[in-house]
Amino acid sequence: MESLHRFCKHLPKIELHAHLNGSIRESTLVELARERSVSLPAKLLQHEAEHHDADRDALFFNTKPRSLEECFEIFSYIPKCVDDVAALKRITREVLEDFANDNVVYLELRTGPKVLLMDHCAPEMGSCSKKQYLQTILSIMSLFENQEKDRHNHDMSSSTEKLVRLPMTPRLIVSVDRSGTVEQAQENINLAIQMVALYPDHVVGVELGGNPTRNDFRRFEPLFQKARDHGLLISIHCGEVPSATDEFDTSDTTLKKAYEEASAVLQFRPDRLGHALLLPNDLMNKLMQQPIPIECCPTSNVMTLELALHHGGNLIGGLKMHPQLQKWIERKYPFSINTDDSGIFCTNLTKEYLLVAKVFGLHENDLADIAIRAVDHIFDKPKRDALIDLMANRIEKLKN
Ligand code: 6MZ
């Protein structure tokens, strides 16, 4: 493994934008689909992509393009496969393991609560409610966190390895799907409020995601205000699709609506923004003056903006065309690097850091700085100082 890749792998990392069902391992999705006789269109599977390129980097960063539309086509198949409690437990455990094995030390996992079957083989056993869906995830998270601490203590006392893997702390964000109804959103926000009272250490926030071409943040705004009043922190996806700018036709009603929505999101001042890719200059300038931390998901952005298409599916060429990232890096805008949907985009956080480093010419110190600065954006504020110590310590060791 070349040294920058090795550094990105061992760098202690913070993941703040990961959708549970989008982080499903492709192999697991295929297995669950087979068990349930769901036929997944081959074009949607990443491992079907053929790479003949001899260049290692091209191979590593060449990926099957996934348009925004295709992503949401895949998302529509996942609930057919993750349809019972056993499948939910499996994907949650695997996702936690995958992030931990990638040296993520703090993970905020987000998901929209769903009604599942108790057991897909025995539908007569009835259903698992949305509340039980969240409780199932939370109990796996707590167990995982305790196991991580025990394993780390054990490794520290028995291993001579200099870079013993650090423990990962998982936290939960409850998602609202913007393509759903206000009633469904209300149910999710109420559940989040209940859950934060029951699991104050593990439930940290709420978020608005889902297909950005559907509905509007303003429909859900009073609900997010209610969540805020109950002490939950908030992340809102924004600027994933174009909005009106001076260069665009401001009489186009879709673009105009997107502009007004993005303005309303910024006015609401969420604690973090997801993506914030295609904001017009006046809104971007406002953000520059009064920053809101942005969750940047490089591969996802290249895919949904279809930037890699001009580069034969190559992410390095695609990311060079990212509309904002260069500026955020140069001006030290508060942003974090994240995976979004590691299963759908066939990525992990190591790959995302390496990709950003290669495209923007960043060195080890720059990457360490980005990782450490992300701690300021975590929703579990009391964890901040301990995480910074843990990470700074490990980074020192990594440099020696
Ligand atoms: C917006 C996204 C997304 O909640 O079932 N999701 N929403 N933009 C994106 N960019 C690509 N990627 C994922 O996780 C899957 C759900 O997360 C949202 C979609 O609503 C998707 O169905 P959960 O665990």
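No value in this document is a laboratory result; all are computed from the given coordinates. For clarity, every value in this text was computed on a predicted model and none was experimentally measured. Methodologically, a virtual Cβ is constructed for each residue, glycine included, from the backbone with ideal geometry; neighbour enumeration extends over all protein chains shown.
What's the whole-number percent of alpha carbon pairs in region 4-160 lying beyond 27 angstrom? Pairs farther apart than 27 Å: 36 percent. Residue exposure proxy: Asp102, Asp385, Asp380, ordered by other Cβ atoms within 10 angstrom of their Cβ from fewest to most, comes out as Asp385, Asp380, Asp102. Legend: translational diffusion of region 158-257 by Stokes-Einstein, Rh = Kirkwood radius over C-alpha pairs, 25 °C, 0.890 mPa s; D = 154 µm²/s.
Using a 10 Å cut-off on Cβ atoms, rank the peptides 287-293, 304-310 from the highest mean neighbour count down. Write down the numbers at each step before the final one.
Details: 287-293: 14.7, 304-310: 18.6.
The most tightly packed comes first, giving 304-310, 287-293.
Estimated from helices alone, the mean residue ellipticity of the chain at 222 nm is -15000 deg cm²/dmol (sum of -39500 (n - 2.57) over DSSP H runs with n ≥ 4, per residue). Each Lys and Arg Cβ is given +1 and each Asp and Glu Cβ -1; about its Cα centre, region 173-314 then shows a dipole of about 260 debye. Going from the alpha-carbon gyration tensor of region 110-225, what semi-axes, largest first and in whole Å, does one get by taking the root of 5 times each eigenvalue? Three semi-axes, in Å: 33, 20, 13. Cβ crowding within 10 Å ranks Val30, Val85 as Val30, Val85, fewest other Cβ atoms first. With bins 20 Å wide beginning at 0, the percent of Cα pairs of the chain falling in each bin runs 27, 61, 12, 0. For region 178-233, what are the per-bin percents of Cα-Cα distances with bins 10 Å wide, up to the bin holding the maximum? Computed distribution, short to long bins: 24, 53, 21, 2. Restricting attention to region 61-140, lysine pairs at least eight places apart or on different chains and with alpha-carbon atoms under 26 angstrom apart total 10. Evaluate the Debye formula for region 242-397 with equal point scatterers sitting on the alpha carbons, no solvent, and hand back log10 of I(q)/I(0) at q = 0.09, 0.10, 0.15 Å⁻¹, in q order, two decimals. Here the Debye-derived log intensity ratios amount to -0.32, -0.40, -0.89. Pairwise over distinct Cα atoms, reciprocal of the mean inverse distance: report the Kirkwood radius of region 349-400 in Å, one decimal place. Answer for region 349-400: a Kirkwood hydrodynamic radius of 11.9 Å. When +1 charges are put on Lys and Arg Cβ atoms and -1 charges on Asp and Glu Cβ atoms, the dipole computed for region 98-163 relative to its Cα centre reaches about 300 debye. With Cα atoms defining each centre, region 368-388 and region 260-299 are spaced 20 Å apart in the structure. Taken about its Cα centre, region 95-254 carries a charge dipole of roughly 480 debye when the Cβ of each Lys and Arg holds +1 and the Cβ of each Asp and Glu holds -1.
Based on C-alpha pairs under 8 angstrom that are at least 6 apart in sequence, the chain has a relative contact order of 22 percent.
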